Structures are given as structure tokens and as C-alpha cells.
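To keep things clear, I will list the structure first and then write my remarks on it.
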Amino acid sequence: MPVLSKVAARFREEKPFAGKTLCVSVHLEAKTAVLAQTLQEGGAQVIAMGSNPLSTQDDVCAGLAASGVTVLSKYGCTPQEYDQYLVDGLSACPHAIVDDGGDMTQILHGSHPEYAARLLGGCEETTTGVLRLKARERANKLNFAMILVNDADCKHLFDNRYGTGQSVWDGIIRTTNLTVAGSTVVVAGYGWCGRGVAMRAKGLGAHVIVTEVDPVKAIEAVMDGFSVMPMEQAAPLGDFFITVTGCEKVITQRHFPLLKDGAVLCNAGHFDVEVDVAGLAEAAVRRFAARKNIEGFVLKNGRTVYLLGEGRLVNLAAADGHPAEIMDMSFALQALCMEYIIRHGERLEKKTYAVPKEIDAQVAALKLSAMGTHIDVLTQQQREYLNAWA
């Protein structure tokens, strides 16, 4: 992670977080540990919590704790334990937060607003959290500044598209050991994550069907060479189903009887609500553990369908998440935006903010440098031409 390493080297000298407490709730695996240690290099007291019960890696937590970071998480914790870890971490009254999905933000607005007494602001990592923040902002219910890191170019163009595209298939292939080539893959949602999942499926030799509710995205999927249809039409055709919409009940009880025998269901959205797991259990006459991270459901029509990772994020519940080279950019954005909040937080309003363009450009430039890639630079004459009206 060379970009984050360069940021950490500067933080080590300048100590921008000296005397500050920072809470980080992101999927706790190796790349997140590097982010936490980068913030620690800047002088922060860092408290790290998970953002999903099945994405925490206990060995990483042990190593991170040994480095001096406070870690409150464990693999496979109950929903109650998960919530309590977040509450315990936030009880330190942080100066800034890195949230992933909005659970910390929810607590700071709901059960424990007193823990936001020193809060200057925070950063949101993922699409689901951004949607929740924008909904709060529209309702005038946002009590502190939040930077939408997910919407930065160096996040969604690379992390969401290439990171999700690769790590989702890492999880599916590692878990099922099934052949993708020649199969039919149904991708629900054609945002940046869905684009990546569909593109990788096509590259693996699958026929890809996309389901969408947005007509513009649906046209884009058609232009990209994919079939587009409603889920009810896609249900009898698919071998693999990947939901990546950020919405709930995308595959439900009306779809389950239509599925092929042996169909594989999984989710790549932040919360485990896209595949109706409770409805699937209700529709089944028997359920069984097929192998690690795969549960089989025998339906009333005699067909068996399989659910990966309990319907949670398949790329983290059943794999190691995005590659380090991708998270290098995303977490460099997080680190630099946390620095921005600490330096400017007292002047920020209680609303959402885009990542400053200079931070986005800085991360891109550092990444290009790390890759040994060079680009042209505008001359003064060219700048004047681009900015002229005549």
C-alpha cells in the first residue's frame, strides 16, 4: 500500500492528530489495520471496531491490538455484541470518525448523542452509508459534518468497480469451487459495484443478466452488452445471483420457487437485507450446512438453492475483501479526509461534503507515481486557452 505508506510517513513527522481520538468502524481485516496504524502514526488515539459481524478477522485484530490500537470486535459476534462494541468505542467521545454503512452515525444521532460532544465530523466509506446520510440531511437530521468518501473519483471508480468486481468473485469461487464459464449470472443493480461484478463475470466466460430500476443504468447495461430484464424473468435463468443494490428485498419469496435446482444466491451490498433470508427459510422445508459459508435450502418444489455467507457481504464474509492495491487508494482518501476534518472541522457546517478535489487529485497522483506511470502537464498557454471564453 505505497500511497498510504507515503501519507503515513508525512503523518509521522507532522502529527496532525496529536491529542485527538479517532473511531474507525470498517471491515476489520489487514488493509483496515494499515489505515488504523496510519492514523496512529499521526498521533491519534485510534479505536477500531468492525462494520459487519462476519468480516472481522481475529488474527488481524490481535496484531492491531499489539501495535497499540484499541480493538473492539471479534469474528461472528452476535448483533447485540456488535452494537455494544460500537457503543463502547464511541463512549470515548471521538473527535472524528470513519464510518462504513452508517452504524456509528446512527448511534451518535440515536441512543448516544452525548458521545458526539467533541465530534468535529467524519467520513463515510460506502454507498449504503451515503444514502443514509443524504436522507438525514434532507430531513435536517444531520448533527455534524460528514465527508462522502465513497463518492470520490478515486473511491467509486476503482474500489467500487474493480475492487468489488474482483473480490466478489474471489468469495464465490473460493467458497463454491464451481465453474463460472458457461453459466448464467444475474447481477441485481448496475451502479459502480454492479458494473464491476458484471464485467468480471463476463471476463470469466459467463452470460450476464442485469436487473435494474433506473432506466439510464439499464440502458448503459444494454450498451455494455448485457441482457436486462426484471428479476422475475431472470430468476428461472440464473445459476449465480449477486445482489448489489443497497436496497432491501431484491430477491424474495415470489422469486424462490422460480429458481433452478442448485442456484447460488449471494449479496455484495452492505447490509444482509437484499436477499430475503427470513423469507427463504420460511419457503424451505429443510435447511442444511452444505460446506463452510454455504447453506442449502430445500424448497417445497424439491429444488435446492444455496446461500453464501448468510446473505452478508460475500466478498468479506467468504473472502478477504478488496485487493490491497485498491484499498490503498480508498484508505489514503480516508486518512487525508480525517486530517481535513481535524484541521477544518470547527468551520464545517452540519451537512455532507464532497471529498475536496485536491485530495482526490493528490491520491491519484501518488498512485500513478507508485505505479511508475507519468502523465502530461498543461502548459500555461493551454491553461489560458481552456479558461478563455473567446
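Tabulated data
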{"quantity": "Angle between the chain longest axis and helix 127-138 axis [Cα atoms, degrees, rounded to 10]", "calculated": "70"}
{"quantity": "Trypsin sites (Lys or Arg not before Pro) restricted to DSSP loop in the stretch 316-390 with at most 16 other C-beta within 10 Å", "calculated": "K350, K351"}
{"quantity": "Cβ-placed point charges (K, R +1; D, E -1), dipole of the chain about Cα centre in debye, nearest 20", "calculated": "260"}
{"quantity": "At 1.567 mPa s and 4 °C, Stokes D of the stretch 309-362 from Kirkwood alpha-carbon radius, µm² per second", "calculated": "96"}
{"quantity": "Accessible area of the stretch 236-390 divided out per residue, in Å², using a probe of 1.4 angstrom", "calculated": "52"}
{"quantity": "Relative contact order computed over the chain (Cα-Cα under 8 Å; 6+ residues apart), in percent", "calculated": "17"}
{"quantity": "Whole-angstrom gap from the stretch 115-132 to the stretch 334-390, using each part's C-alpha centre", "calculated": "21"}
{"quantity": "Within the chain, helix-based [θ] at 222 nm, where runs of 4 or more DSSP H residues each add -39,500 (n - 2.57), nearest 500", "calculated": "-12000 deg cm²/dmol"}
{"quantity": "Carbon + sulfur, % of accessible area of the chain - ligands and nucleic acids excluded, 1.4 Å", "calculated": "52"}
{"quantity": "C-alpha center-to-center spacing [the stretch 189-204, the stretch 95-111] in angstrom", "calculated": "30"}
{"quantity": "log10 of Debye I(q)/I(0), alpha-carbon scatterers only, for the chain at 0.06, 0.14, 0.15 Å⁻¹", "calculated": "-0.25, -1.21, -1.34"}
{"quantity": "Accessible area (Å², per residue) of the stretch 46-173, counting only protein heavy atoms and a probe of 1.4 Å", "calculated": "36"}
{"quantity": "DSSP bridge pairs, the chain: antiparallel proportion in percent, nearest 5", "calculated": "20"}
{"quantity": "Charged-residue dipole, Cβ positions (Lys, Arg, Asp, Glu), the stretch 1-91 about Cα centre, Debye nearest 20", "calculated": "380"}
{"quantity": "Helix 324-344 axis, angle to the chain major axis (alpha carbon atoms, nearest 10°)", "calculated": "40"}
{"quantity": "Rounded to 10°, Cα long-axis angle of helix 79-90 versus longest principal axis of the chain", "calculated": "10"}
{"quantity": "Cα centroid of the stretch 229-305 to Cα centroid of the stretch 1-22, whole Å", "calculated": "44"}
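The values are calculated or read from the model by the stated rules, or taken from the named source; none is laboratory data. As the structure is a prediction and not an experimental result, all values here were calculated from the model. Neighbour counts are summed over all protein chains in view; Cβ atoms, including those assigned to glycine, are modelled from backbone coordinates with ideal geometry. With ligands, DNA and RNA removed, areas are computed over all heavy atoms of the protein, side chains included. Shrake-Rupley method; radii C 1.70, N 1.55, O 1.52, S 1.80 Å.
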